[in-house]
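So the structure is just underneath, and the comments pick up after that.
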Amino acid sequence: MSETDFQTFYSEVKHMEKEDSVYTSDKQLSRLLRPGSTYANLNPFEVLLVDPEDTSETIRRQYKKLSILLHPDKNPDDRDRAQTAFDVINKAYKCLESEQSRAKALEVVEEAKFRVNRMIDEKRKKLKKEKRNEAVEEDDPMKYKHAIKVMTMKLFADYERKRRALEERAQEERKRKREQEIDEEEAKQDEKVFAKNFEESRQNRVNSWQSFSKSSKSKRKDIRPPKHKAETR
């Protein structure tokens, strides 16, 4: 992602955050089901609107707060969409409830921090090279935190795309191997049929030859040489 693309993404997420902070059923349904939410919802911290540093108890309370807003029974006029959103927050909570899956999610956050820090270093080097005595935008703690949040969302999306690509390749490979196995099985079956037919035809040829041989011997026995007649003078 180029600097321009990142800043565009950065601005879009920043704009969305203002609406996401409104805790009403309609706002939360729109947040979790809006276009592009498939990738945005891969980040369990973002789904539950919690910080990676939050405690398990804080995350649990936040999940309960959202689940009340999004429960299908609380949204009888929009039950289907509410059920979909409810499933999204359930999945996110289960991810963060498990120590193993939460650790993996935190690894993505750490990778995002590393990339943001590297990006900031590059900005500073560029300013220094241009002899501009200016601070980078991310020197502001809130903007730094936001940049990490944006990068985290991007990484979750990138990793999911890679996972799907790998799964598709693995599926294609399994399909190719299965087709090869079927071809080999059919070839073996063809060989068996050929061998069987050949054996049957060989036996028929043997039987035919034996019948021919017996018939020939019988005919030779029936043939009598002509009697020699003495010459008369």
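Quick look at the values:
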| item | result |
| --- | --- |
| Heavy-atom accessible surface of segment 21-97: percent carbon and sulfur, 1.4 Å | 50 |
| Alpha-carbon centroids, segment 103-148 and segment 42-70: separation in whole Å | 26 |
| Stretchable slack from Arg169 to Asp73, in nm (0.36 nm times residue separation minus alpha-carbon distance) | 30.4 nm |
| Full-stretch length increase - Thr38, Lys65 - with 0.36 nm per residue and alpha-carbon distance subtracted | 7.5 nm |
| Area accessible to solvent at Ser101, 1.4 Å probe radius, in Å² | 40 |
| Accessible area in the full protein assembly, largest first, 1.4 Å probe, for Phe156, Phe114 | Phe114, Phe156 |
| Percent accessible area from carbon and sulfur atoms, segment 99-190, protein chains only, probe 1.4 Å | 49 |
| Most positive-pole-ward Cα, Asn117, Ala157, Leu106, against dipole of segment 99-190 from beta carbon charges | Asn117 |
| Lysine pairs in segment 64-105 with Cα atoms under 21 Å, if 8 or more residues apart or on separate chains | 9 |
| Per-pair calculated FRET efficiency, R0 = 25 Å: Val22 and Lys91 via Cβ, rounded to 0.05 | 0.65 |
| Accessible surface, per residue, of segment 21-97 when the full set of protein chains is kept, probe 1.4 Å, Å² | 54 |
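The values are calculated or read from the model by the stated rules, or taken from the named source; none is laboratory data. Computed from a prediction, not measured in an experiment: that's the story for all the values here. We place every Cβ from the backbone using ideal geometry, glycine too, and count neighbours over all the protein chains shown. In case anyone asks, the SASA skips ligands and DNA or RNA and just uses the protein heavy atoms, side chains included. Shrake-Rupley method; radii C 1.70, N 1.55, O 1.52, S 1.80 Å.
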